[in-house]
1. Which of the numbered conditions does Gly236 fail, given that it passes all the others? Conditions: (1) in a strand (DSSP E or B); (2) crowded, with 22+ Cβ neighbours inside 10 Å.
2. Would you confirm whether or not the stretch 68-77 contains a residue that is touching a residue at least 60 places away in the same chain (Cβ under 8 Å) and in contact with a helix residue (DSSP H, G or I) (Cβ under 8 Å, 6 or more places away or on another chain)?
3. Here are some residues: Ser254, Ser261. Which one is in contact (Cβ under 8 Å) with a residue 40 or more places away in the chain, over 22 Å from Arg42 (Cβ atoms), polar (S, T, N, Q) and in contact with a Phe, Trp or Tyr (Cβ under 8 Å, 6 or more places away or on another chain)?
4. Being loosely packed, with under 15 Cβ neighbours inside 10 Å, out of contact with any Ser or Thr (no Cβ under 7 Å at 6 or more places or on another chain) and closer than 15 Å to Gly35 by Cα is the requirement here; does Pro215 meet it?
5. Please find, among Ala238, Ala243, Ala255, the residue that is over 18 Å from the mean Cα position of the chain (by Cα), under 18 Å from Glu145 (Cβ atoms) and not basic (Lys, Arg).
6. Let me spell it out: the conditions are (1) more than 16 Å from Glu145 (Cα to Cα); (2) touching a Leu at 6+ places or on another chain (Cβ under 9 Å); (3) hydrophobic (A, V, I, L, M, F, W, C), and Val287 meets all of them except one. Which number is the exception?
7. Just wondering, is there one or more residues in the stretch 141-156 that are on the phi > 0 side of the Ramachandran plot, more than 23 Å from the chain's Cα centre (by Cα) and touching a residue at least 60 places away in the same chain (Cβ under 8 Å)?
8. Only one of these conditions is not met by Arg260: (1) open to solvent by 70 Å² or more (accessible area, probe 1.4 Å); (2) within 18 Å of Glu152 (Cβ to Cβ); (3) within 15 Å of the chain's Cα centre (by Cα). Which number is it?
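The values are calculated or read from the model by the stated rules, or taken from the named source; none is laboratory data. Every value quoted in this text rests on a predicted model; they were computed, and no experiment measured them. Virtual Cβ from ideal backbone geometry, glycine too; neighbours counted across all protein chains shown. With ligands, DNA and RNA removed, areas are computed over all heavy atoms of the protein, side chains included. Shrake-Rupley method; radii C 1.70, N 1.55, O 1.52, S 1.80 Å.
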Amino acid sequence: MAITRETATPAALDDVAEALAAWQHDGGPVQLHPGDLGWHWRLGAEELAGAVRVWRGDEQILAVGLLDDVGLIRIALAPSTDQDDALAARLLCDLSDPARGVLSATVGIVEARFGAAFRGLLDESGWVADEPWTPLCRDLTDDVEDLGLRVEVVGAHNAPERVAVQRAAFPNSTFTVERWHAMAAASPYSRARCLLGYDVHGDAVAAVTVWSAGPGRPGLLEPVGVRRDHRGHGYGTAISVAAAAALRDVGASSATVCTRSSNIAAVATYTSAGFRPLPEVTDFRRVS
């Protein structure tokens, strides 16, 4: 079977997102989710498509990569490719050679949390462990508790508040109302929603976007933020619980989130919201 690689086009993004949704399942690694594409869609379909790489075999999507940062690609593999040596070899070639237009010559980091053949080949080829991350998961079989935070679903009427919380939570954020609308108009958002949490004075202090991959599949929290001047009051825990409840409402089997292991406060917040830390994972770094 010939394996091809292509840069996505805006017209192909819906199919790529659906492939990622179909690959989500409980009990497996927390890998690239359609919600990750959905969040990046705020930058526009053209820019997102330019950052997405797709590997196909017999016209079927076998792997998807999202260039998420300088020199970093996040890769998800179809469940059927766990032991696919040919796909692993093709991926390694494309990632190792900067001329192939995937990773730069200066920095090469790969998030690969699934695919025994691929991960094994990266290890054998001298790629080394990079920064550790902690995935967390909350099962949604049972009802989700209400911690008393007033929560509203975001629409056009309160999108400016959603943007304000994002920018207050993340100093380098470039989120705008226009970008919220671009994200909300994209196909992954048809199974998503943004939530705002309010304090007793009626001020929006926390926000989260939750992404479903469809009924019976894990959902994703991305991003989660609390205004910097309102931290330490439990709003992060409360909005994370509200996010889990929202995902349960749309039929998600579990709620997942992933954060740097060095972000001890975030790990503690998600844990207090009922998320169970899973074993640490590391990316792979190419050694020159």
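1. (1)
2. The initial filter retains those residues of the stretch 68-77 that are touching a residue at least 60 places away in the same chain (Cβ under 8 Å), namely 72.
Those still in the list that are in contact with a helix residue (DSSP H, G or I) (Cβ under 8 Å, 6 or more places away or on another chain) too: none.
Within the stretch 68-77 (the criterion being touching a residue at least 60 places away in the same chain (Cβ under 8 Å) and in contact with a helix residue (DSSP H, G or I) (Cβ under 8 Å, 6 or more places away or on another chain)), the answer is no, since none of the residues qualifies.
3. Working: Ser254 fails: in contact with a Phe, Trp or Tyr (Cβ under 8 Å, 6 or more places away or on another chain).
Unique residue meeting the criteria: Ser261.
4. Details: loosely packed, with under 15 Cβ neighbours inside 10 Å: yes; out of contact with any Ser or Thr (no Cβ under 7 Å at 6 or more places or on another chain): yes; closer than 15 Å to Gly35 by Cα: yes.
Yes, satisfied.
5. Working: Ala243 fails: over 18 Å from the mean Cα position of the chain (by Cα); Ala255 fails: over 18 Å from the mean Cα position of the chain (by Cα).
Result of the check over Ala238, Ala243, Ala255: Ala238.
6. (2)
7. Going residue by residue through the stretch 141-156, those that are on the phi > 0 side of the Ramachandran plot are 148.
After this cut, where a residue has to be more than 23 Å from the chain's Cα centre (by Cα) as well, the list is 148.
When the remaining residues are screened for being touching a residue at least 60 places away in the same chain (Cβ under 8 Å), the result is 148.
Yes, that holds for at least one residue.
8. (2)
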